[in-house]
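> Would you mind keeping the following structure in view while I ask a few things?
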Amino acid sequence: MKSSRAAWWFLAPLLCLVAVFAIYPLVRMLVLSFTTQNLETQFAPVFAGAANYQRAWHDSHFWETVLRTLVFTVTAVGLELLLGLAAALALHHSFVGRGLARTAALVPWVLPSSALALGWIWIFNDQFGVLNDLLQRGGLLSSPVAWLGHPGSAFAAVILADVWKTTPFLTLLLLAGLQTIPTELYAASALDGASRWQQFRHITLPLLRPVIFVAVLFRTLQSFGIFDLVYVMTGGGPGGATETVALYTYRNFMRYLDFGYGAALLVISSGILALLTAALWLLVGRGRSLS
Amino acid sequence: MGRRRRFLLPFLWLLAAAPILPGRTAEPAELRVLMEPDGRGVWRALFDEFHRRNPDIRVRAVEGPASTDAREDMYVNALLAGSQDYDLVYADTIWIPKFAAAGWLVDLTDLWPAEKWASFSEAALAGGTYKDRIYRVPTQLNAGILYYRKDLLDRLGVAPPRTYDELADIARRAEAPVNGFVWQGKQYEGLTCNFLEVLRGYGGFWIEGGEVGLDRPEAEKALEFLCRAVGTISPKGVTTYAEEESRLLFQSGRALFLRNWPYVSNLLAEAELPPGFEVGITPLPAPTFGGAGFAILSSSRSPEAALRFLEFVSSPEAVRLLYDRGGVQPALKSFYENTDDPRQRALYAAMQNAAPRPALPQYARASDILQRQVSAALTGQKAPREALRQAALETRQLLARP
């Protein structure tokens, strides 16, 4: 009894932080989403019932950004998981210079996204860009392409930039996960004549599952809220082809000063994220775990 | 005692989390302002000079991000939270309607006589005006300018163009690897400025007196001009360019015409240019204005000190200092009347008729609507007519919203 009271005291600072930085803003958003608060009301909140939600329901532009962000999230996180797993498996084996390779692999993750985005703009530039230069030298392109100037290639370019930046994060988590798997399991299964693929399929993957779940969940939440890369690289263009939910919501808040509506969009996106998390849990998180 | 200490624990945590309150002193008066990055120390020099003349006032300038959007966000955040973190705003022209409509700015109209206001370039003054009231002292004249390769035009034996059709005719004669015309076609505020210039150049308008002119024939002509340019007189990548991408293309000798702002003129003057490269400056048919200036926040605790700063920053000495130290393009007419520099005269001639963007509190949304549709047309996702009809529809809905 006494020790549990002490535990609460130790938890108190953390709970305070969660209350102040997570619960309070969410509740505030929910309240705000039922009001009109913008320039016309001189920023005084006026109760508006469900008007903002009705508006959001008919805002086809918003739903386009939701769909686009979902496609982005699934594609980017999927690629990151595959590449991250491959990189983690490679870095798990000992070879000369492994320490250096492990450190180097983390560099993209450490660099600020907006600075990277500026770099990518120049890489994809049609006149000075290194990508066009390489492809033309390799004979794959006859004339330079403005990669960020077409809806499809601009979207792919943003995905590529995101994959390049965040694959190291998955590599790091998965590598840590790999190191918790006892080596005896591999030795024993080798004695029983298991192939490398069988070992991967029946030892590595199941035991890595909890880590994969956490890593993918984390990345999904982050990826659904992607803002900085898009904001700098394309500004949502061309023709709105790369505008994400976060960018559109930000514009409603900060640029249009339409707080009630922005809050409604945020509440809706939070709901979608909750569904996404539930789906992930059903797909990956449930079932066997280390314990 | 043990119980008591435990009781105090949460309060200690609260204390640790509380921000450290800034110490306040009555003297000297403080003026706080968020500025652009001051790499060359231009603004620092200006504030030092101001301190020298006004020992009882201190300017506390914080260097913010280079992006005006980001600085606007910081101001909006502070103002919405009701904080009194700032006294002055170093404001971009498109902030003024929003900030004035929100009641955040001091109406400066009657603080100075009309003659004093008349000493500023009309374009720069209009860029700080909302509903016929002046909210901002302009410190910078900034508008779209047409740069051209004087050497190449001389060789072709043609005069600089006065309309977009003339420009296209000349630009077609550019030979690879030189592009005809480079401008800013990325989906961002710069695209709005570029499109607005062409639109006005063809006699059209965007939003005037509550009317939307985007689905009129002039607008269609303007957008068709830009769509035709992409991939012919302009490189395909122009739809991804902001200011710097287009400047570098021109500066490296690979463009006949460049639409850009006056900052390029200073950079070209300092840069090492390819042999034979001669820069010409000529007015665009209808340049868009976009300059900065200072406004006073209604929440300021030292409005009088702020006013003295505005007096100082609009004095010929301060203007001269900003120009000499940092190439800040002056907004005072007298500077251009007294200069012998032909480049400055050409710049002034190119900018004096610049017109501001629509002074609407909902400007940001109107601009986003336009950018999205124009960009879609430029990148071949929509026909110009269809894009403009959609933009007109959305803009009308926006203006009709209570």
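The values are calculated or read from the model by the stated rules, or taken from the named source; none is laboratory data. Everything quoted here is computed from the prediction, not taken from an experiment. Cβ coordinates were reconstructed from backbone atoms using ideal geometry, including for glycine residues, and neighbour counts include every protein chain displayed. Surface areas here come from the heavy atoms of the whole protein model, side chains and all, with no ligands, DNA or RNA. Shrake-Rupley method; radii C 1.70, N 1.55, O 1.52, S 1.80 Å.
> Looking at (1) out of contact with any strand residue (DSSP E or B) (no Cβ under 9 Å at 6 or more places or on another chain); (2) open to solvent by less than 10 Å² (accessible area, probe 1.4 Å), can you tell me which one B:Thr163 breaks?
(2)
> A further question follows. Which residue pairs have Cβ atoms closer than 9 Å, lie 6 or more positions apart in sequence or on different chains, and pair a first residue in the stretch A:1-20 that is β-branched (Val, Ile, Thr) with a second residue that is surrounded by 10 or more Cβ atoms within 10 Å (Cβ to Cβ)?
Taking only residues 6 or more apart or on different chains, the pairs are A:Val20/B:Ala17.
> Let me ask another. When B:Gly127 is evaluated against the numbered criteria (1) modelled with pLDDT under 95; (2) assigned by TED's automatic domain parsing to the domain that holds B:Gly380, which criterion, by number, is the only one it fails?
Status for B:Gly127: all satisfied but (2).
Here is a yes/no grid of residues against (1) open to solvent by 10 Å² or more (accessible area, probe 1.4 Å); (2) in contact with a helix residue (DSSP H, G or I) (Cβ under 8 Å, 6 or more places away or on another chain); (3) free of Cβ contacts under 8 Å to residues at least 40 places away in the same chain; (4) within 14 Å of another protein chain (Cβ to nearest Cβ):
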{"site": "B:Leu156", "(1), (2), (3), (4)": "yes, yes, yes, no"}
{"site": "B:Ala159", "(1), (2), (3), (4)": "yes, yes, yes, no"}
{"site": "B:Trp183", "(1), (2), (3), (4)": "no, yes, no, yes"}
{"site": "B:Gln187", "(1), (2), (3), (4)": "no, yes, no, yes"}
{"site": "B:Gly201", "(1), (2), (3), (4)": "yes, yes, no, no"}
{"site": "B:Trp206", "(1), (2), (3), (4)": "no, yes, no, no"}
{"site": "B:Thr232", "(1), (2), (3), (4)": "yes, no, no, yes"}
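> Listed residues B:Glu337, B:Glu311; which is within 27 Å of B:Ile94 (Cβ to Cβ) and open to solvent by 20 Å² or more (accessible area, probe 1.4 Å)?
Within the list B:Glu337, B:Glu311, the selection yields B:Glu311.
> Would you check if there is a residue in the stretch B:17-32 being within 11 Å of chain A (Cβ to nearest Cβ) and at pLDDT below 90?
yes
Here is a yes/no grid of residues against (1) open to solvent by less than 50 Å² (accessible area, probe 1.4 Å); (2) assigned to a helix (DSSP H, G or I); (3) aliphatic (A, V, I, L, M):
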{"residue": "B:Leu223", "(1), (2), (3)": "yes, yes, yes"}
{"residue": "B:Gly253", "(1), (2), (3)": "yes, no, no"}
{"residue": "B:Ser265", "(1), (2), (3)": "yes, yes, no"}
{"residue": "B:Glu272", "(1), (2), (3)": "no, no, no"}
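> A further question on this structure: Regarding the stretch B:62-77, can at least one residue be identified that is among the charged types (D, E, K, R) and either part of a loop (DSSP other than H, G, I, E, B) or away from every other protein chain (no Cβ under 13 Å) (or both)?
As a first pass, look at the stretch B:62-77 and keep what is among the charged types (D, E, K, R): B:63, B:69, B:71-73.
With the extra rule that they be either part of a loop (DSSP other than H, G, I, E, B) or away from every other protein chain (no Cβ under 13 Å) (or both), the set shrinks to B:63.
Yes, that holds for at least one residue.
> Here is a check on your reading of the model: is A:Leu217 surrounded by fewer than 20 Cβ atoms within 10 Å (Cβ to Cβ), out of contact with any helix residue (DSSP H, G or I) (no Cβ under 8 Å at 6 or more places or on another chain) and in a helix (DSSP H, G or I)?
On the way: surrounded by fewer than 20 Cβ atoms within 10 Å (Cβ to Cβ): yes; out of contact with any helix residue (DSSP H, G or I) (no Cβ under 8 Å at 6 or more places or on another chain): no; in a helix (DSSP H, G or I): yes.
So A:Leu217 does not fit the description; no.
> Where in the stretch A:78-196 are there helices (runs of 4 or more DSSP H), lying fully within it, with 2 or more residues that are more than 14 Å from chain B (Cβ to nearest Cβ), free of Cβ contacts under 8 Å to residues at least 60 places away in the same chain and open to solvent by 30 Å² or more (accessible area, probe 1.4 Å)?
By residue number, A:98-105, A:130-137, A:151-179, A:183-191.
> Quick check on the stretch B:274-294: of everything there that is hydrophobic (A, V, I, L, M, F, W, C) and assigned to a loop (DSSP other than H, G, I, E, B), which residue is surrounded by the fewest Cβ atoms within 10 Å (Cβ to Cβ)?
Among them, the one singled out is B:Phe277.
> Let me ask something additional. Select, from A:Arg28, A:Arg68, A:Arg5, the only residue that is within 14 Å of chain B (Cβ to nearest Cβ), surrounded by 17 or more Cβ atoms within 10 Å (Cβ to Cβ), of a type in the set (D, E, K, R) and part of a helix (DSSP H, G or I).
A:Arg68
> Tell me whether the stretch B:338-354 contains one or more residues that are under 27 Å from B:Val238 (Cβ atoms), touching a Phe, Trp or Tyr at 6+ places or on another chain (Cβ under 6 Å) and not in a helix (DSSP H, G or I).
Scanning the stretch B:338-354, I find at least one residue that is under 27 Å from B:Val238 (Cβ atoms), touching a Phe, Trp or Tyr at 6+ places or on another chain (Cβ under 6 Å) and not in a helix (DSSP H, G or I), so the answer is yes.
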